[in-house]
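These notes concern the structure reproduced below.
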Amino acid sequence: MPQEELQELQLERLKSLLIRVYNNIDFYRDQFDAANFDPYSVESLDDLAKAPFTVKQDLRDNYPFGMFAVPKDDVVRVHASSGTTGKATVVGYTKHDIEVWGECIARDIVSCGGSSQSVFQIAYGYGLFTGGLGAHVGGETLGCMVIPMSSGNSKRQIQLMQDFETDILACTPSYAMLLADTAIEMGLNPAKDFKLSAAILGAEPCSESMRKEIERKLGVTVVDIYGLSEVMGPGVACECSYQTGLHVAEDHFIIEIVDPKTLLPVPDGEWGEVVFTTLSKDCSPLIRYRTRDISRIVPGTCECGRTMRRMDRISGRTDDMLIIRGVNVFPSQIEEVITGFSEVAPWYQIVVTKQGPMDYVELKIEVVPDFDFDEIRKIENLQNRIAAELKSNLQIAVKVRIVEPKSIERSEGKAKRVIDLRKAGASND
Ligand code: DLL
């Protein structure tokens with residue numbers, strides 16, 4: 001659909017959405033009234049900027065069902081975040097919401113080369129987390145042969161991947177890497193022995209060098225899929241096989257990029273916090289939801305011919321930025337530097353503590369299995385070289401500690417890359 005038509009569709013959907021949330025969700029009625037925002041006055045997409053933002057705490061305050069816009073009878077499914085730092089955030093879906101979700105993910109499977117003939121193996125966790133069941137509905141909508149593995153049980157995953165001739169794999173990037181390494185340990189060459197053509201990986205950041213490493217080991221094209229449970233789950237945006245940014249499902253979501261301090265929109269191409277308004281959701285619609293994720297609109301159009309605008313890969317979250325001796329840095333920037341060293345494996349952990357008002361960072365990195373771990377001098381040399389590279393690239397002083405292969409805990413879902421010990425009881429939720 002040409003962008004102009006797409007924007008007309010967005011406006012039509014936005015107008016009815018604003019009136020719907022005003023009439024059906026007490027929270028939005030109060031918010032709009034308090035902000036003097038009249039949902040009936042909206043005449044252009046720009047008017048959305050007059051509406052107030054929604055944040056995660058609003059969902060927690062209205063736990064469990066206070067943000068539902070439909071009666072409980074119409075709800076066919078709920079998902080929820082883990083809620084380790086407070087109450088969980090609960091999101092509900094009507095039958096129609098699930099259909100829209102299925103359509104979004106079906107498009108994503110097609111855009112990385114899949115079809116109804118694909119064998120689609122899902123190794124995202126099934127359950128309250130949206131990864132597994134979200135990908136599942138997409139695969140079935142498209143008519144793929146879906147293998148609902150959930151995460152874990154890596155050897156079995158690998159066996160079925162071979163026996164069932166899986167061609168598309170969906171899981172987190174860190175789990176894809178673990179599956180590749182496990183297959184190699186089992187004496188296989190996944191790039192040759194598997195029929196995999198693409199992997200749809202998301203739910204956590206993945207640097208460009210990590211992506212290349214997964215592509216090389218598995219012999220696939222990796223496309224990045226993005227989403228968050230509050231807004232729907234996976235499929236809010238996804239790359240096509242051109243890998244030049246994630247096409248936002250703009251018929252169902254309006255994306256805005258705002259300056260996280262001033263909350264004013266930034267021009268296309270500039271980085272800022274991603275904000276979404278859900279246009280089609282019946283049960284859990286959100287107006288201007290602040291994701292805390294940092295991205296930008298990729299200017300121009302994609303060679304694939306899709307007209308939906310692209311957001312760049314997530315560079316970090318406003319709440320995972322570290323300030324190391326006054327320098328701002330995101331974990332993804334650290335990953336980009338360390339994965340450039342051939343002696344180390346892409347398994348690392350950033351341990352953050354406080355020294356006075358400053359963040360103190362220790363970086364634990366595993367070496368590759370054939371590295372001679374007994375040679376202290378070699379280890380020290382490697383530590384120094386990595387520290388020097390981090391200093392010259394990112395201007396940060398970090399204590400690098402090389403650790404033995406397999407000593408960092410493997411993840412079957414989202415990897416825990418940052419251990420933040422600054423506040424007791426703090427977590428990344
Ligand atoms: O992670 C939904 C999902 C499942 C997306 C499967 C993709 C694939 P939550 O658990 O609510 O939902 O976590 C959402 O994860 O705000 C981002 O910070 C991060 N995230 C999700 N996708 C990506 C990605 C799912 N492609 C939070 N790149 C989001 C970087 C991502 N970060």
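Here, each number is a calculation from the coordinates, and none is a lab measurement. If you're wondering where the values come from, they're calculated on a predicted model, not measured in any experiment. A quick note on method: Cβ atoms are made from the backbone with ideal geometry, for glycine too, and the neighbour counts reach across all protein chains shown.
Before moving on, here are some points about what is shown:
- Per residue, the average separation of C-alpha pairs within less than 8 Å and at least 6 apart gives the chain a relative contact order of 13 percent.
- Protection proxy ranking of 256-266, 31-41, 117-127, by the mean of other Cβ atoms within 10 Å over each peptide's residues and highest first, is 117-127, 256-266, 31-41.
- Compared with the dominant Cα axis of the chain, that is its longest principal axis, helix 95-111 is turned about 50°.
- With a simple spin-label model that places each label point 7 Å from the Cα along the Cα-to-Cβ direction, the separation between THR262 and VAL418 comes to 2.5 nm.
- Note, ³J(HN,Hα) from phi for segment 150-162, Karplus 6.51, -1.76, 1.60, rounded to Hz, x at Gly and Pro: 6, 8, x, 6, 4, 5, 5, 3, 5, 5, 5, 4, 6
- DSSP beta bridge pairing in the chain, given as percent antiparallel to the nearest 5: 60 percent
- Here the peptides 86-93, 130-137 are ranked by packing, the mean other Cβ count within 10 Å, and the order with the highest first is 130-137, 86-93.
- Modelled spin-label separation between ARG410 and ASP73, with each label point placed 7 Å from Cα along the Cα-to-Cβ direction: 5.0 nm.
- Cα-based helix-to-principal-axis angle, 130-142 vs the chain, degrees rounded to 10: 70 degrees
- Relative contact order of segment 95-316, taken over Cα pairs closer than 8 Å and 6 or more residues apart, is 16 percent.
- When each of LYS50/LYS281; LYS87/LYS354; LYS212/LYS261; LYS15/LYS414 is checked by Cα-Cα distance, pairs over 31 Å: LYS212/LYS261; LYS15/LYS414
- Per-residue ellipticity at 222 nm, computed for the chain from helices alone with -39500 (n - 2.57) per DSSP H run of at least four residues, works out to -9500 deg cm²/dmol.
- Between GLU165 and GLU8, residue separation times 0.36 nm minus the direct Cα-Cα distance comes to 52.2 nm.
- Three principal axis lengths of the chain [C-alpha, angstrom, descending]: 71, 56, 40
- Residue-wise HN-Hα coupling along segment 407-414, computed from phi with Karplus coefficients 6.51, -1.76, 1.60 (Hz; x: Gly, Pro): 8, 8, 4, 7, 10, 9, x, 7
- Seen through its C-alpha gyration tensor, with square-root eigenvalues sorted a ≥ b ≥ c, segment 90-184 comes out oblate because a/c lies at 1.5 or above while a/b is not bigger than b/c.
- HN-Hα J in Hz across segment 328-340 - Karplus 6.51, -1.76, 1.60, θ = phi - 60°, x for Gly and Pro: 7, 8, 9, x, 5, 5, 5, 4, 4, 6, 6, 6, x
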